[in-house]
1. For region 131-161, give me each residue that is among the β-branched types (Val, Ile, Thr), closer than 28 Å to Leu12 by Cα and outside any helix (DSSP H, G or I).
2. Return the residue satisfying two criteria in turn: it lies in region 16-30 and is open to solvent by less than 80 Å² (accessible area, probe 1.4 Å), in contact with a strand residue (DSSP E or B) (Cβ under 8 Å, 6 or more places away or on another chain) and not in a loop (DSSP other than H, G, I, E, B), and of such residues it is nearest to Ile63 (Cα to Cα).
3. Working only within region 140-161, note down all residues that are of a type outside the set (Val, Ile, Thr), modelled with pLDDT of 90 or more and more than 13 Å from Lys120 (Cα to Cα).
4. Based on what the data block shows, is Lys39 at pLDDT below 95 and either more than 20 Å from Arg129 (Cα to Cα) or in contact with a Pro (Cβ under 6 Å, 6 or more places away or on another chain) (or both)?
5. In this structure, does Leu66 turn out to be in contact (Cβ under 8 Å) with a residue 40 or more places away in the chain, touching a Cys at 6+ places or on another chain (Cβ under 7 Å), crowded, with 19+ Cβ neighbours inside 10 Å and not hydroxyl-bearing (Ser, Thr, Tyr)?
6. Which condition from (1) out of contact with any Leu (no Cβ under 9 Å at 6 or more places or on another chain); (2) open to solvent by less than 20 Å² (accessible area, probe 1.4 Å); (3) over 17 Å from Leu19 (Cα atoms) is the one that Lys58 breaks?
7. For region 77-95, which residues satisfy the criterion of being modelled with pLDDT of 95 or more and either touching a Gly at 6+ places or on another chain (Cβ under 6 Å) or hydrophobic (A, V, I, L, M, F, W, C) (or both)?
Amino acid sequence: MGALEMSEKIKLSPDEFRLLSLFQTVTTADARDCIIDEKMERVIFVVNRGQMGMAIGKGGSNIKQLQNVINKKIELVEHSENATNFVKNIFNSNIIQEIRINDRLDGTKIALVVADAKKKGLVVGKDGRNVDKARLLAKRYFNITNVLVISPEQLIKSEKM
């Protein structure tokens, strides 16, 4: 898939398209998506699999350069065709125990992100920024309507219902 080819569903604004092009010029990595998230004052790039190192650059040099140019925080997510892996890539996978994608009776899908109760705050992120990003991207790519961060104890309770 070419660098700027988008899937049918994803529409980029002219600004997002321009930033995607800039990203690829600065990093030489292929990104498949760019989202300007005004609410969290950040730009999220979805990078093709295997391109994270190239995108970040030595010691984070590419990201620093981009952040200086666009004056917003930059966040990267590695793409995956698999919904579970994609959701895992959005978060710091070191503190996540498990991810489950559940199909609900009404036809919607929900992602359950299981993390140690003490680490749930880290997973959710300051002002909910990580879970917010996960909801945005999971819906955009896999039509997942919600992403919930739960502890293993909550998972056990939900299985008993």
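1. First pass over region 131-161, keeping only residues among the β-branched types (Val, Ile, Thr): 131, 144-145, 147, 149-150, 156.
With the extra rule that they be closer than 28 Å to Leu12 by Cα, the set shrinks to 131, 144-145, 147.
Hits for region 131-161 are Ile144, Thr145, Val147.
2. So, considering only residues that are open to solvent by less than 80 Å² (accessible area, probe 1.4 Å), in contact with a strand residue (DSSP E or B) (Cβ under 8 Å, 6 or more places away or on another chain) and not in a loop (DSSP other than H, G, I, E, B), the one nearest to Ile63 (Cα to Cα) is Phe23.
3. Answer for region 140-161, where residues must be of a type outside the set (Val, Ile, Thr), modelled with pLDDT of 90 or more and more than 13 Å from Lys120 (Cα to Cα): Arg140, Tyr141, Phe142, Asn143, Asn146.
4. For Lys39, the condition - at pLDDT below 95 and either more than 20 Å from Arg129 (Cα to Cα) or in contact with a Pro (Cβ under 6 Å, 6 or more places away or on another chain) (or both) - is not met.
5. Values: in contact (Cβ under 8 Å) with a residue 40 or more places away in the chain: yes; touching a Cys at 6+ places or on another chain (Cβ under 7 Å): no; crowded, with 19+ Cβ neighbours inside 10 Å: yes; not hydroxyl-bearing (Ser, Thr, Tyr): yes.
No, not satisfied.
6. With respect to (1) out of contact with any Leu (no Cβ under 9 Å at 6 or more places or on another chain); (2) open to solvent by less than 20 Å² (accessible area, probe 1.4 Å); (3) over 17 Å from Leu19 (Cα atoms), Lys58 is out only on (2).
7. Val77, Ala83, Phe86, Val87, Ile90
Rundown of residues vs (1) on the phi < 0 side of the Ramachandran plot; (2) surrounded by fewer than 17 Cβ atoms within 10 Å (Cβ to Cβ); (3) not in a loop (DSSP other than H, G, I, E, B), yes/no style:
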{"residue": "Glu75", "(1), (2), (3)": "yes, no, yes"}
{"residue": "Glu81", "(1), (2), (3)": "yes, yes, no"}
{"residue": "Asn85", "(1), (2), (3)": "yes, yes, yes"}
{"residue": "Arg100", "(1), (2), (3)": "yes, yes, yes"}
{"residue": "Gly107", "(1), (2), (3)": "no, yes, no"}
{"residue": "Ile110", "(1), (2), (3)": "yes, yes, yes"}
{"residue": "Gly121", "(1), (2), (3)": "yes, yes, yes"}
{"residue": "Arg129", "(1), (2), (3)": "yes, no, yes"}
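The values are calculated or read from the model by the stated rules, or taken from the named source; none is laboratory data. As the structure is a prediction and not an experimental result, all values here were calculated from the model. Ideal geometry is used to build each Cβ from the backbone, glycine not excepted, and the neighbour counts take in all protein chains shown. With ligands, DNA and RNA removed, areas are computed over all heavy atoms of the protein, side chains included. Shrake-Rupley method; radii C 1.70, N 1.55, O 1.52, S 1.80 Å.
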